[in-house]
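Data first, discussion second: the structure below is written as structure tokens.
The values are calculated or read from the model by the stated rules, or taken from the named source; none is laboratory data. The model shown is predicted, which means the values in this text are computed figures rather than measured ones. Here Cβ is always computed from backbone atoms with ideal geometry, including for glycine, and neighbour counts include all displayed protein chains. SASA here: full protein model, heavy atoms, side chains in, ligands and nucleic acids out. Shrake-Rupley method; radii C 1.70, N 1.55, O 1.52, S 1.80 Å.
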Amino acid sequence: MADELQMVVVQAPNSGVLHVYVQGNIEERAGKTIILTVHDIGTNHKSFVRFVNHPSMAAVKEKAIFLHVCVPGQEDNSADYIGEFPSLDQIGEDLTYVLDKFDVKSAIAFGEGVGANIICRFAMGQPNRIMGIVLVHCTSTTAGIIEYCKEKVMNMRLENSIMSDGAWDYLLAHKFGGEGKSRQEYIEELKGTLNAKNLSKYLLAFTKRTDLSSTIGTKLEQVDALLVTGSKTPHLHTVYTTHKSMNKKKTTLLVVDNASDVMQEAPDKLARSLILLCKGCGVLSGVAIPGMERQRTLSSSMEEADRPRRMSVTQPQLPPVPSN
């Protein structure tokens, strides 16, 4: 994984330093699509590197350069983060400095989980730097009353940079919901690679998130967006809430059946939807869509590109939202 990545340090006013892992030759960026990514809690840039390396992304990989942003202190075996950890808003603001560092005027922005929330904030503040956004398991609201009470207790420990048993359980629920065969393996891997103090700071920043649902529709009204979730994910209702707030003419909703972690469990479906979004934004027009049985000409590919962003990839029957 490491042999094709170049790590670049970006100075940013809120985060201090951001480590950006470049996948692709940045010197060849002219004529290529730039895709900026931000990861979820409990992981780092490697989750996106694995997705980009999936066979269904091979054609995109040839035509795009990925800038994988690692949230402060979330690198493997990172030293303790010193100073006040930035808020999700502040990390979003710092993404401008990442694009400036690489002399990129605009990009496709792609986030998962908390990273999707950060991407949202960046896009809302700098819509002119965004061609389109991909939001996997995006939460745009603050916590409900039950979650809030749990967070209130948990934050007492997180404030002291301590990952308590409750914090690890919260992270498991965020990742797997009520399922997950490899829950203990996941926690053991986290403890072996991520700095627990730094992880607690990122988790605390998420629990203190501000609400986006009341303004996201207005501020992203002209932004092409792809919202992605799985039918088994704990984030399903929050994604529906986000979708409800957005411009339906510019927003596609993909709900993957029988999936929780879409990036790992359904990379082919996610890759297909990503390509369709990019085509709708006027980039990756020559990239074939995975699953097509015959090659399309460039002209026919571009004709098809105008359709997907105008309708949902799936038309789910929305379950009732439980009251708190």
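Per-residue surface analysis assigns D211 an accessible area of about 60 Å², computed on protein heavy atoms at 1.4 Å probe radius. Among R121, R29, the sequence by solvent-accessible area, most first, with a 1.4 Å probe is R29, R121.
Structure note, pairs K105/K201; K244/K269; K46/K101: Cα-Cα distances above 25 angstrom occur for K105/K201. Packing, as the average of other Cβ atoms within 10 Å across residues, places the peptides 216-222, 18-24 in the order 18-24, 216-222, highest first.
Put a dot 7 Å past the Cα of E62, heading toward its Cβ, do the same for Q222, and the two dots end up 3.5 nm apart. Solvent exposure of E265, expressed as accessible area, is near 100 Å², computed with a probe of 1.4 Å over the protein chains only. Rolling a 1.4 Å probe across all protein chains gives H235 an accessible area of roughly 20 Å².
Suppose we look only past 20 Å in the calculated P(r) of region 158-292. What percent of the Cα-Cα pairs does that tail hold? Intermediate results must be reported in sequence, preceding the final value.
Numbers: 5394 of 9045 pairs.
Value for region 158-292: 60 percent of Cα pairs lie more than 20 Å apart.
Model label points for K249 and D76, set 7 angstrom from Cα along the Cα-to-Cβ axis, are 4.7 nm apart. In this rough spin-label picture, where each label sits 7 Å from Cα along the Cβ direction, the S164-R50 distance is 3.0 nm.
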